[in-house]
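This report concerns only the one structure given below.
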Amino acid sequence: MKLKAIAYSSSANLGPGYDVLAMAIDLFYDEVIVEIKKSSTTRIETVNVSGPYSSYVPISENTATAAAKEFLKRYNIEAEIKLKIVKNVPVGRGLGSSGATAAATVAALAKAFNISNVNELVKIAAEGEKAAAGAPHPDNVAASLLGGIVLIYSRRPLKVVKIPLKIKPKIIIISPEPSIIKDKTKYARSLIPKMIPLENVVLNTGRIAALITGFITGNLKLAGEGMEDSIVEPARKPILPLYFEVKEKLKNMGALGVCVSGAGPSILVMFEPNVSKQTLEKIKEYIVEEYSRREIKTHIYEASIADGAKVEIIEG
Ligand code: HSE
């Protein structure tokens, strides 16, 4: 059997929701072609990696092979699996790149073996991503697999729920070229203090509740207010070029909420769905000017919340 799966990029954390909230973003998607043959032994290999970011994907141990290994182990399946990866999601920018590859692989295998337990599939994809990327966090894979905005509300056992959205906001992603790529997430995680003042935990808890209430009720202003973070973003300041400098100005220019996308350096900026073209153009001009003045190469993309992974059977 041969299947083709795609899974979108994602923005994790959404401000206060470190490792528990993430949004699928329709900017980029990874594609994984999975060929499965029945066998009495298990063999998993990546036969080809292509796409603009292929040079970052090792052919031997990558998030696709690791996720496939986890899947077969979990369901006690022996099979020969060949993987072809098309790596389109930029690496090291905080857009859930390794998670998208793992999610696409797991989505294809889930379809092939008729598995629909969402919590288990997210866990398998997260274990796969961890094995290859070294930083254990299920938020990106959950968003890439399920689409929309997801909440991981339990780690052991892993439990995830998709937040029902009344309205889909307009999103802008500001994406500076990263200064670190290898082990960036691991490094970004090492910057976070292990002990957090209770006051900041209380603040962040309230914001998560505001953010979710805002999305469910369609009050995007409230959701945007909930995107503030007093714990993780301040700790990561050294690897977030210009984030703290541009944030308030972006809000004054019409953004409802501004947060770091995953471990950065990308920035997610949220607007009402009917935000005017003029507002977006002014914001783009401002960002281009600010970043080029500091000689930081950056990209600016308009985006929307994406669907979950999609799978197509190519050969039965
Ligand atoms: N929640 C993870 C982190 C996401 O912030 O480290 C990484 O993409």
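The values are calculated or read from the model by the stated rules, or taken from the named source; none is laboratory data. This one's a predicted model, so the numbers in the text were calculated from it and none came from an experiment. Cβ placement follows ideal geometry from the backbone for every residue including glycine, while neighbour counts extend to all protein chains displayed.
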Checklist outcome for this item: So the strands (runs of 3 or more DSSP E) completely within the range 244-303 holding 3 or more residues that are more than 16 Å from the ligand (Cβ to nearest atom), surrounded by 13 or more Cβ atoms within 10 Å (Cβ to Cβ) and among the hydrophobic types (A, V, I, L, M, F, W, C) are 267-271
Checklist entry - Out of the residues in the range 181-203 that are under 28 Å from Ala255 (Cα atoms), of a type outside the set (D, E, K, R) and within 18 Å of the chain's Cα centre (by Cα), which is surrounded by the most Cβ atoms within 10 Å (Cβ to Cβ)? => result Thr185
Checklist entry - Filter the range 136-165 for residues that are over 11 Å from the mean Cα position of the chain (by Cα) and of a type in the set (D, E, K, R); which is surrounded by the most Cβ atoms within 10 Å (Cβ to Cβ)? => result Lys162
Checklist outcome for this item: Taking the range 40-99 and keeping residues among the β-branched types (Val, Ile, Thr) and in contact (Cβ under 8 Å) with a residue 60 or more places away in the chain leaves Thr63, Thr65, Val89, Val91
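Looking only at the range 224-236, decide whether some residue is basic (Lys, Arg), within 21 Å of the chain's Cα centre (by Cα), in a helix (DSSP H, G or I) and within 16 Å of the ligand (Cβ to nearest atom).
The initial filter retains those residues of the range 224-236 that are basic (Lys, Arg), namely 236.
Next, only the ones that are within 21 Å of the chain's Cα centre (by Cα) stay: 236.
Among the residues that remain, those that are also in a helix (DSSP H, G or I) are: none.
No, there is no match, as no residue in the range 224-236 is basic (Lys, Arg), within 21 Å of the chain's Cα centre (by Cα), in a helix (DSSP H, G or I) and within 16 Å of the ligand (Cβ to nearest atom).
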Checklist entry - With the range 1-75 as the region, which strands (runs of 3 or more DSSP E) entirely inside it contain at least 1 residues that are within 16 Å of the ligand (Cβ to nearest atom)? => result 2-12, 21-38
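Does the range 69-90 include one or more residues that are touching a Pro at 6+ places or on another chain (Cβ under 6 Å), crowded, with 22+ Cβ neighbours inside 10 Å and over 18 Å from Lys38 (Cα atoms)? Full working, then the answer.
Taking the range 69-90 first, the residues touching a Pro at 6+ places or on another chain (Cβ under 6 Å) are none.
For the range 69-90, residues touching a Pro at 6+ places or on another chain (Cβ under 6 Å), crowded, with 22+ Cβ neighbours inside 10 Å and over 18 Å from Lys38 (Cα atoms): absent.
Of the residues in the range 256-273, how many are touching a residue at least 60 places away in the same chain (Cβ under 8 Å) and more than 18 Å from Gly99 (Cβ to Cβ)? Let's see the steps before the verdict.
First pass over the range 256-273, keeping only residues touching a residue at least 60 places away in the same chain (Cβ under 8 Å): 256-257, 259-273.
Narrowing further to those that are more than 18 Å from Gly99 (Cβ to Cβ): 256-257, 267, 269-273.
Summing the residues that are touching a residue at least 60 places away in the same chain (Cβ under 8 Å) and more than 18 Å from Gly99 (Cβ to Cβ) in the range 256-273 gives 8.
Filter the range 169-180 down to residues that are under 20 Å from Val91 (Cβ atoms) and away from the ligand (no atom under 15 Å from the Cβ) and give me whichever is farthest from the chain's Cα centre (by Cα).
Initial filter on the range 169-180 (under 20 Å from Val91 (Cβ atoms)): 173-180.
Narrowing further to those that are away from the ligand (no atom under 15 Å from the Cβ): 174, 176-177, 179.
On the way: Ile174: 15, Pro176: 16, Glu177: 17, Ser179: 19 Å.
In this case the residue turns out to be Ser179.
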Checklist outcome for this item: Note on Ile314: of the conditions (1) surrounded by 15 or more Cβ atoms within 10 Å (Cβ to Cβ); (2) part of a strand (DSSP E or B), unmet is (1)
Next on the checklist: Looking at (1) within 16 Å of the ligand (Cβ to nearest atom); (2) modelled with pLDDT under 95, which one does Pro241 not meet, given that it meets all the others?
Outcome noted: (1)
Checklist outcome for this item: Considering residues that are among the charged types (D, E, K, R) and not in a loop (DSSP other than H, G, I, E, B), the number found within the range 147-202 is 7
